[in-house]
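Heads up, the thing below is written out as structure tokens.
The values are calculated or read from the model by the stated rules, or taken from the named source; none is laboratory data. A quick note: this is a predicted structure, and the numbers were derived from the prediction, not measured. In this analysis, Cβ positions are derived from the backbone assuming ideal geometry, glycine residues included, and neighbour counts consider all displayed protein chains.
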Amino acid sequence: MRFVLLSGQRHDTVGVPPLIEGVAFGALLGDKAFDVDWIRAELDARGAAAVIPPRATRKGRFDFDRAMYGWRHLIENTFAKLKEFRAVATRYDKTDTSYAAAIHLAAAVIASR
């Protein structure tokens, strides 16, 4: 599992480059917030499919695999399981390092179930 902690006011797309750096994959599943040109260009350069629905304000339309996009519920389920842990859901930790450790610990407990 890889994750990047971002400050609350930062957009999610800021965390994409460090997460995909050095990782080989065939597709990136994301919601409409990830429908930005530079992410699509990066995925095209890698030969990966962008399974991202277009924003309503986008002038051009992009096709995406709706069946594969349905798998995104697995990602949402993972976040729901992580949020079952109070320390993760409420972010009581004062430092990013402590919070990251809580996420790793919760993920290890979930994986051991």
- Item | Condition broken by residue 12, with the remaining ones in (1) acidic (Asp, Glu); (2) more than 22 Å from residue 98 (Cα to Cα); (3) under 14 Å from the mean Cα position of the chain (by Cα) satisfied | (2)
- Please give the number of the condition residue 39 fails out of (1) touching a strand residue (DSSP E or B) at 6+ places or on another chain (Cβ under 9 Å); (2) surrounded by 14 or more Cβ atoms within 10 Å (Cβ to Cβ); (3) over 19 Å from residue 3 (Cα atoms). (3)
- Query: Which of (1) within 19 Å of residue 2 (Cβ to Cβ); (2) assigned by TED's automatic domain parsing to the domain that holds residue 2 is the odd one out, the single condition residue 49 does not satisfy?
  - Reply: (1)
- Do you know which residues across region 1-51 are of a type in the set (D, E, K, R) and assigned to a loop (DSSP other than H, G, I, E, B)? 2, 10, 21, 31, 35
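Just checking, which of 43, 28, 6 is touching a Gly at 6+ places or on another chain (Cβ under 8 Å) and not small (Gly, Ala, Ser)? Break it down into steps so the answer makes sense when it comes.
Values: 43 fails: touching a Gly at 6+ places or on another chain (Cβ under 8 Å); 28 fails: touching a Gly at 6+ places or on another chain (Cβ under 8 Å).
None of the other options fit; the residue is 6.
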- Note on the structure: Condition set modelled with pLDDT of 90 or more and of a type in the set (A, V, I, L, M), scope region 75-87, selection nearest to residue 34 (Cα to Cα): answer is 80
- Note on the structure: Being in a helix (DSSP H, G or I), outside the structural domain of residue 7 (by TED's automatic domain parsing), surrounded by 13 or more Cβ atoms within 10 Å (Cβ to Cβ) and among the hydrophobic types (A, V, I, L, M, F, W, C) narrows 80, 111, 101 down to just 101
- Residues of region 86-98 satisfying the condition of being over 19 Å from the mean Cα position of the chain (by Cα) and either surrounded by 14 or more Cβ atoms within 10 Å (Cβ to Cβ) or more than 17 Å from residue 6 (Cα to Cα) (or both): 86, 87, 93
- Task: Select, from 6, 105, 29, the only residue that is at pLDDT 90 or above, under 14 Å from the mean Cα position of the chain (by Cα) and of a type in the set (A, V, I, L, M).
- Result: 29
- Message: Restricting to region 43-53, count the residues that are surrounded by 12 or more Cβ atoms within 10 Å (Cβ to Cβ) and either farther than 18 Å from residue 69 by Cα or at pLDDT below 90 (or both).
- Response: 1
- Hey, residue 40 hits all of (1) modelled with pLDDT of 90 or more; (2) charged (D, E, K, R); (3) in the same structural domain as residue 112 (by TED's automatic domain parsing) but one; which does it fall short on? (3)
